[in-house]
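A short reminder: the numbers here are calculations on the coordinates, not readings from a lab. Computed from a prediction, not measured in an experiment: that's the story for all the values here. Counting neighbours? That spans all protein chains shown, and the Cβs are built from the backbone with ideal geometry, glycine included.
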Amino acid sequence: MILLDRVSVMYPNKTVALSGVSLHINPKEFVTIVGSSGAGKSTLIRLLIKEEVPTSGKIIVGSIDYDTIDKANIPHLRRRIGVVFQDFKLLPNLTVYENVAFALEVSGVKSKEIKRAVPKILQLVGLSEKMHSYPSELSGGEKQRTAIARALVRNPKILIADEPTGNLDPKNSWDIIELLLKINRFGTTVLLTTHNKEIVDALKKRVITINRGRIVKDEKVGKYTL
């Protein structure tokens, strides 16, 4: 599903963001990526959604070779990869329903399909009763659920959750983790980045540790150690 072969990223100022990273993630895996700030986690995410280009090495996601994909097909690639951020990135003037529907509208999905898909995904994330609420009327956990729904509504094969609990209290954090596990059980590959040691240790899932641009540990059932 996801293959990185000796991938390096060096910026013009000679800063090395990633150095010789090789990585294989199978379909339907749940993988947690940990590392201190500046370790290279964000660069890895930008590479996967093709916002960053490696200085060297090869990236393949599914059957797509990132070396040969043309610009016209990058939106199609990104529809296969959902991304959820720590700061939600919701549009404040749109309701929960409209925020999720917008992700389909910009992809050219027909209105009839949007009306069918959005209520289903809001039910999955437990927001059916909040579909007409605006972001300012939501709790932090509800905002993150909306962001997850927006990422999922296009049926991506991969969901990247970048510090999704960073702005949440412990209860809402665990609710979001439980939702990510549920999504994973439905067959979506999940990549989670987090600084939360308690969450990492409790998940008992594969943990990849990045330090100074290198993978220094890859454990099938890992713990948070830096």
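Using the Cα gyration tensor of region 90-155, with a ≥ b ≥ c the square roots of its eigenvalues, what is the shape: rounded (a/c below 1.5), prolate (a/b larger than b/c) or oblate (neither)?
On the way: a/c = 1.83, a/b = 1.51, b/c = 1.21.
Since a/c reaches 1.5 and a/b is larger than b/c, the shape of region 90-155 is classed as prolate.
At an R0 of 45 angstrom, the distance between the Cβ atoms of T55 and D87 translates into a FRET efficiency of 0.95.
The Cα atoms of region 1-69 give a gyration tensor whose axes a ≥ b ≥ c have a/c of 1.5 or more with a/b no greater than b/c, which makes the shape oblate.
Suppose the Debye formula is applied to equal point scatterers at every Cα of the chain; what is log10 I(q)/I(0) at q = 0.15 Å⁻¹? Ignoring solvent entirely, the Cα scatterers give -1.02.
When the pairs K58/K112; K28/K110; K115/K204; K41/K157 are compared against a 32 Å limit on Cα-Cα distance, K58/K112; K115/K204 fall above it. Run the quick spin-label model on D70 and L94: label points 7 Å from Cα toward the beta carbon, then report their separation in nm to one decimal. Distance between label points: 2.9 nm.
Based on the Cβ-Cβ distance of S139 and R116, what FRET efficiency does E = 1/(1 + (r/R0)^6) give at R0 = 30 Å, to the nearest 0.05?
Values: r = 27 Å, r/R0 = 0.91.
E(calc), rounded to 0.05, equals 0.65.
Placing R0 at 25 angstrom, the Cβ-Cβ distance between R79 and S128 gives a FRET efficiency of 0.55 after rounding to 0.05. Taking the average, over residues, of other Cβ atoms within 10 Å as the packing measure, peptides 99-106, 49-56 rank 99-106, 49-56 from highest down. Candidates Q86, I74, L48 compared by Cα position along the dipole of region 36-89: farthest toward the positive end lies Q86, with charges placed on Cβ. From its DSSP helices (H runs of at least four residues, each -39,500 (n - 2.57)), the chain gives a residue-normalised ellipticity at 222 nm of -10000 deg cm²/dmol.
Each Cα pair under 8 Å and six or more residues apart adds its separation to the average, and for region 90-155 the resulting relative contact order is 50 percent.
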